[in-house]
There are 2 protein chains.
Amino acid sequence: MNQKTIAFDADDTLWHNEPYFDEAQAKFCELFQDFASKQEILQTILNHQVRNLPLYGFGIKAFTLSMIESALELTNHQINGTVIEKIVAIGKDLLQKPVELLPNVTETLEELKGKYKLVVATKGDLKDQHRKLHDSGLGPYFHHIEVMSDKTDLDYTKMLNRLECEPKDFIMIGNSLKSDVLPVLNIGGIGIHIPYHTTWEYEKIDFEIQHENFKSISNLTELFEIL
Amino acid sequence: MNQKTIAFDADDTLWHNEPYFDEAQAKFCELFQDFASKQEILQTILNHQVRNLPLYGFGIKAFTLSMIESALELTNHQINGTVIEKIVAIGKDLLQKPVELLPNVTETLEELKGKYKLVVATKGDLKDQHRKLHDSGLGPYFHHIEVMSDKTDLDYTKMLNRLECEPKDFIMIGNSLKSDVLPVLNIGGIGIHIPYHTTWEYEKIDFEIQHENFKSISNLTELFEIL
């Protein structure tokens, strides 16, 4: 029997992430509160992020550049260097946030260690995700960290080829139905959803998933009832 | 006998890259020619790039953010949004450059195919390097593309662990003595240098390498005399 592979998403699955982005966006909104409402500003950032995805991909550097473009749009280019510097600083600050593990992560990995091939499968900035894995102290539990430029069906298929893992032996755990569950179900793997209390707008889907290989848990410890 | 792995650096080893950066920097220098000499401007960019490496890593998004910081410094923050937009555009333009293969790349890979496990081992932006590999048409030759956050001894060791490859069975080919050759020699692999006509300042070293596992070639076809 082949050893099964369990892949964990990182941000908001192993450690907190989205609240840092929310905090960063709140700081940005404050800088431009004379130009638009908070809701309009957030929508402007999201528009730039989504438009830039094909070129920039995911991660904090892309987010920073999208914030800068948003600032240009919001101010009709009437912006000075000091404010641009503040935006760059918001991005740099994000890249230095402490890594705070989610509940039961260490215990779960400790229990799975040796029984499964454990992998981190995440989007985002390469350097930043490696830094966070290092700072998390979780590195030794994982066979490797796979920073993916996207999480489409094809991206998962390529990763499984490299891991020499059959889809039926692959279990993906993450907080995004769109990125961590749906594509994995599509290629014949098992998708386990563990919701985080807040989700990036871009990752939201507006339908329910019904699939025999889909499970949703509210706490990592429930994993052992499924496996 | 284990199958040997040959890893190729990508930028300026498989395809042209540095001239695009030179062109981008020339455009940047033109924007700020009233503020400093070309040499001073280039040095300012380099300073920001190197200072930002620990946070940003390598690649075009990091380069763009470093250009923006350089612009703030050069103008003492007296810069308007229109110029910032031009800098962002320089970066986006770089992300869409055509991929032009270097001489004999396809023929060499065709000849090596099946005899060695072939890998791309490169720094830079994840999304961008995947895009370039796709656009190059070289994808099918490679077992996988490894976008590395850095190319230190440790980064190579980790990669070899994942590839389940012994250092003695690992051959790295690239245009940077600092990134493609030295660390590989350090960990017991074979480093083959194929110089490109121009080298990024950061990648330059000021000593000669003498090592039994080190070879320098001027054309990829010379590879077959070594292997």
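The values are calculated or read from the model by the stated rules, or taken from the named source; none is laboratory data. Remember, predicted model here, so these are calculated numbers, not experimental data. All Cβ positions, even for glycine, are placed from backbone atoms using ideal geometry, and neighbour counts span all protein chains on display.
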> So which residues in segment A:125-139 are part of a loop (DSSP other than H, G, I, E, B) and modelled with pLDDT under 95, if there are any at all?
Replying inline: A:125
> Here is a list of conditions, (1) touching a residue at least 12 places away in the same chain (Cβ under 8 Å); (2) over 21 Å from residue A:66 (Cα atoms); (3) in contact with a Gly (Cβ under 9 Å, 6 or more places away or on another chain); (4) more than 14 Å from every other protein chain (Cβ to nearest Cβ), and residue B:17 meets all of them except one; can you say which number that is?
Replying inline: (1)
> Would a scan of segment A:131-148 turn up a residue that is on the phi < 0 side of the Ramachandran plot, free of Cβ contacts under 8 Å to residues at least 24 places away in the same chain, within 11 Å of another protein chain (Cβ to nearest Cβ) and not small (Gly, Ala, Ser)?
Replying inline: yes
>> For the list (1) away from chain B (no Cβ under 13 Å); (2) surrounded by 20 or more Cβ atoms within 10 Å (Cβ to Cβ); (3) at positive phi, I need the number of the one condition that residue A:57 fails.
In response: (1)
> Which ones in segment B:24-55 are part of a helix (DSSP H, G or I) and among the acidic types (Asp, Glu)?
Replying inline: B:30, B:40
> Do any strands (runs of 3 or more DSSP E) entirely within segment B:146-227 hold 1 or more residues that are aromatic (Phe, Trp, Tyr), and if so, which?
Replying inline: B:170-174, B:214-216
> Residue check: is residue B:119 more than 9 Å from every other protein chain (Cβ to nearest Cβ), in a strand (DSSP E or B), in contact (Cβ under 8 Å) with a residue 12 or more places away in the chain and under 15 Å from the mean Cα position of the chain (by Cα)?
Replying inline: yes
>> Scan segment B:86-108 and tell me whether some residue there is in a strand (DSSP E or B) and touching a strand residue (DSSP E or B) at 6+ places or on another chain (Cβ under 9 Å).
In response: yes
> Looking at (1) surrounded by 18 or more Cβ atoms within 10 Å (Cβ to Cβ); (2) not β-branched (Val, Ile, Thr); (3) not in a helix (DSSP H, G or I), which is the one condition that is false for residue A:76?
Replying inline: (1)
> Is it the case that residue A:106 is over 18 Å from the mean Cα position of the chain (by Cα), of a type in the set (Ser, Thr, Tyr) and within 11 Å of chain B (Cβ to nearest Cβ)?
Replying inline: no
>> Residue pairs, Cβ under 6 Å, 6 or more apart or interchain, first in segment B:100-115 and in the same structural domain as residue B:133 (by TED's automatic domain parsing), second exposed (fewer than 14 other Cβ atoms within 10 Å of the Cβ). List them.
In response: B:104/B:221
> If you go through segment B:84-91 one residue at a time, do you hit one that is farther than 22 Å from residue B:19 by Cβ, in contact with a Leu (Cβ under 7 Å, 6 or more places away or on another chain) and outside the structural domain of residue B:202 (by TED's automatic domain parsing)?
Replying inline: yes
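Output the residues belonging to segment B:78-103 that are under 22 Å from the mean Cα position of the chain (by Cα) and not aliphatic (A, V, I, L, M).
Answer for segment B:78-103, where residues must be under 22 Å from the mean Cα position of the chain (by Cα) and not aliphatic (A, V, I, L, M): B:91, B:92, B:93, B:96, B:97, B:98, B:100, B:103.
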